[in-house]
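A quick write-up on the structure given underneath.
The values are calculated or read from the model by the stated rules, or taken from the named source; none is laboratory data. A quick note: this is a predicted structure, and the numbers were derived from the prediction, not measured. Please note: Cβ atoms are built from the backbone with ideal geometry, for glycine as well, and neighbour counts cover all protein chains shown. Note: accessible area is taken over every heavy atom of the protein model, side chains too, but ligands, DNA and RNA are not part of it. Shrake-Rupley method; radii C 1.70, N 1.55, O 1.52, S 1.80 Å.
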Amino acid sequence: MRVTLRFGRALREIYDHLGESMEVRLKEGATAKEALAAANLPEGACGLLLTDDRLCKIDEEVTHGQIITVLPPVSGG
Amino acid sequence: MYGYAGKILRVDLSAGKISHEPLTEELVDNYIGGRGFGAYYVYNEVPPGADPCGPDNRLVIASGPFAGVFLPSGAKTSISAKSPATGLYGDSNVGGHLAGELKYAGIDAIIVEGRTPVPSYLFIDDDRVEIRSATHLWGKGAIKTEEVLKEELGDEFQIATIGPAGENRVVFACINHDFGRQAGRCGMGAVMGSKNLKAIAVRGTQGVPVADMDGLKSVATVMFRELMQDPGLKIWQDLGLAQVTTWANSIAALPTRNFRENFYEDVNGLSGELMKETIVVGDKACFACPMATGKLCKASFRGKTVLVEGPEYETTALIGSNCALRSIEEVAFANYVCDELGLDTISAGNVVAFVMECFEKGIITKEDTGGIEAKFGSLDAFCDLAHLIARREGIGNILADGVAGASKAWGEESSRIAIHVKGLEWSGYESRGAPSMMLAYMTCDIGAHHNRAWSVTHDIAVGRDIIKGKAAKVVEFQHVRPLFDCFGVCRLQWVELGLPLEHYAKLYPVVTGMDDSWEDLLVKSERIWNLTRAFAVREREDFGRADDWPPARFYEEPVPDGPLAGFRITEDDLNTLLDEYYEARGWDENGRPKAETLIRLGLENVASELYKMGRIS
Ligand code: SF4
């Protein structure tokens, strides 16, 4: 299945290989964590994930065609 | 002069004298505003060896060119002085509505010197400036004081106040504003209290001249539009800064039980999501900010219900996991206690966690605490200790000097676990597994604070066990991030939502009419960084590398558990980080700026002063 990841601008500043979005191929039943790994993002690289205007948990199963917005970790000031 | 009000207000409290001085082009051109003005005046006007709580210290309250102007979040005021926590240059910034109001009153900065014989507050209503009696306010909490002054003067006055902690010169006393925002770090509240100055109230009705209004409208409109369209904006509005807690835990950076651990098993009780579900009752924004990260919360404890702004991440980390509290409502209540007493929540969380660990280890007993059962997880203990500290009563008199001061009183074993650099308690990122972040804390000019170079994401991106090659990134951040404090604008729109730096580079000429490039501005930031370092070098003959060293816990103890269990950073690693850092900065191996570096940055007079004193070569 295919999942689209959209990357927040602040994240793109840290990871040069990221464009505005990326489509990743995953096995059925894969989680958001696996989607991030497929985009070559190390663990801890992302802060929050959003899908359909709600928070998406890192270990949540994703589905074909889903769009996930990946936001960077926040610095708190 | 565009982007500035054009005047400095000088208040000599000893002489009862108020005067206005013109803002000079030279000052603006070299130091921009905000913390830059602070560094300039503190270096040039505070004599070496001056008591931070004596009349010779200066309290500099400064906005910058972007403050109060039509652009996102021009809301920041920098407050600078010689810090009673470190004995070195210190500053802290606060959002809310103070910065713009100062400019509308025709003032870019206030310099407060001397000491009034009786408790006073500074009243500013455009050009009318008076030193008024504050005897009716002395002893009152910071929030209560703001309420009383708003009632007396009118809601449109912007107020900055101290609580009892500032009056009693607690070295981590903060300055409060807008009922829940603080210039928290470096003990600026103690400096204000030592001058018998309880509050500043300001109202202004004037405008701020802008060089190119059409240009400003066009850049600012793009910035606002990009912010409003950002997918992350709603999350910020929903969760504020509390959202970082679970992430910091997941990457093993959440201070836990006095930084012994960096992973907190009860983090779910402290999460931003839970906070939103259970205690948030409203949102609050600073001037012209669409992010509205301030969260108004209700919290109850010991039969009392309070309304408090916060807790944001730092408070949750230092008072929550670091003191092992289990619920966000407990943290919110402790947050209120600190705000009302006028204590910085970051340092207060550190100090109480330090007491709790010393108590657990038997370094101190109930005899020392005055009967307080100072166990990790106890909100009772937190509140009781906070009150004692703010009033300098019993054990509170020792703790009011911070963990560095208390560890001197309690001996070697306690100093290993006193978590600070240069005397300033460590903020919310445990950094054994993040070497560049560790270096950022070690070298931050005000002590162990994260905001000058938040580089933990760099560690994650390039490798958490990699040491070499990381100093350059820290230096880069230390120039970019403090620029925002000079401009008088919040940096979260750039850091968190990725608003491009090019927008800020475009704003500078349209607001000020000056033709500086971004690179020129970075050189000014580097100048300011070197000036604050020069202050330290001039201040203490023995100042150097040892002052950039972290507490022993971080290199003696590997991470005990969690995702980074067993991870360690060695003394060799720390030396490598410092060697690279000093080289990148043009400082000698002892961390002192070389004369050629100061001269390159236009600090010839500073170079010659330090050279004559034999402090640099
Ligand atoms: S992001 Fe938060 S701290 Fe910054 S200006 Fe907005 S409300 Fe204030």
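A few remarks follow.
- Selection within region B:481-501: residues that are closer than 20 Å to B:R185 by Cα and part of a helix (DSSP H, G or I). The member of this set that is nearest to the ligand (Cβ to nearest atom) is B:L492.
- Residues satisfying the stated conditions in region B:148-178, i.e. in a loop (DSSP other than H, G, I, E, B) and without any contact (Cβ under 8 Å) to a residue 24 or more places away in the chain: B:D155
- Neighbours by Cβ (under 7 Å, 6+ apart or cross-chain): first from region B:285-305, closer than 20 Å to B:R225 by Cβ; second part of a strand (DSSP E or B): B:A285/B:G294; B:A292/B:D283; B:A292/B:K284
- Residue match in region B:363-377 (condition: charged (D, E, K, R), assigned to a helix (DSSP H, G or I) and without any contact (Cβ under 8 Å) to a residue 12 or more places away in the chain): yes
- Count of region B:331-361 residues which are in contact with a Pro (Cβ under 7 Å, 6 or more places away or on another chain) and either open to solvent by 10 Å² or more (accessible area, probe 1.4 Å) or in a helix (DSSP H, G or I) (or both): 4
- Being open to solvent by less than 10 Å² (accessible area, probe 1.4 Å) and either under 24 Å from B:L564 (Cβ atoms) or basic (K, R) (or both) holds for only one residue in B:I328, B:I279, B:I251, and it is B:I251.
- Flag if A:A45 is within 11 Å of chain B (Cβ to nearest Cβ) and touching a residue at least 40 places away in the same chain (Cβ under 8 Å): no
- Every listed requirement among (1) part of a helix (DSSP H, G or I); (2) open to solvent by 40 Å² or more (accessible area, probe 1.4 Å) is met by B:T532 save one, (2).
- There is at least one residue in region B:566-586 that is touching a strand residue (DSSP E or B) at 6+ places or on another chain (Cβ under 9 Å) and either at pLDDT below 95 or not in a helix (DSSP H, G or I) (or both).
- In region B:290-302 there is no residue that is within 14 Å of chain A (Cβ to nearest Cβ), open to solvent by 60 Å² or more (accessible area, probe 1.4 Å) and away from the ligand (no atom under 14 Å from the Cβ).
- Exactly one residue out of B:E413, B:E476 is open to solvent by 40 Å² or more (accessible area, probe 1.4 Å) and under 22 Å from B:N93 (Cα atoms), and it is B:E476.
- Yes/no for B:K361 being among the charged types (D, E, K, R) and more than 22 Å from B:A299 (Cα to Cα): yes
- One residue from B:I200, B:I175 being away from the ligand (no atom under 16 Å from the Cβ) and of a type in the set (A, V, I, L, M, F, W, C): B:I200
- Residue within region B:227-245 that is within 25 Å of A:K33 (Cβ to Cβ), in a loop (DSSP other than H, G, I, E, B) and either open to solvent by less than 10 Å² (accessible area, probe 1.4 Å) or more than 16 Å from the ligand (Cβ to nearest atom) (or both) present: yes
- Conditions (1) hydrophobic (A, V, I, L, M, F, W, C); (2) more than 13 Å from the ligand (Cβ to nearest atom); (3) open to solvent by 40 Å² or more (accessible area, probe 1.4 Å): number failed by B:V267: (3)
- Some residue of region B:179-188 being touching an Asp or Glu at 6+ places or on another chain (Cβ under 8 Å), more than 16 Å from the ligand (Cβ to nearest atom), not small (G, A, S) and not in a loop (DSSP other than H, G, I, E, B): yes
- Among the candidates B:A99, B:A67, B:A81, residue that is open to solvent by less than 10 Å² (accessible area, probe 1.4 Å), away from every other protein chain (no Cβ under 14 Å), outside any loop (DSSP other than H, G, I, E, B) and within 15 Å of the ligand (Cβ to nearest atom): B:A99
- Selected residue (only one of A:I14, A:I68, A:I58 is within 27 Å of B:W454 (Cβ to Cβ), open to solvent by less than 90 Å² (accessible area, probe 1.4 Å), more than 10 Å from chain B (Cβ to nearest Cβ) and among the β-branched types (V, I, T)): A:I68
- Scanning region B:84-96 for residues that are within 16 Å of the ligand (Cβ to nearest atom) and part of a loop (DSSP other than H, G, I, E, B) yields B:G95, B:G96.
- B:L274 satisfies every condition listed in (1) open to solvent by 10 Å² or more (accessible area, probe 1.4 Å); (2) within 16 Å of the ligand (Cβ to nearest atom); (3) assigned by TED's automatic domain parsing to the domain that holds B:N397 except (2).
- Of the residues B:G114, B:G74, B:G54, the single one that is buried (at least 24 other Cβ atoms within 10 Å of the Cβ) and in contact (Cβ under 8 Å) with a residue 40 or more places away in the chain is B:G74.
- Residues that are part of a loop (DSSP other than H, G, I, E, B), closer than 26 Å to B:L492 by Cα and open to solvent by 30 Å² or more (accessible area, probe 1.4 Å), drawn from region A:18-39: A:G19, A:E20
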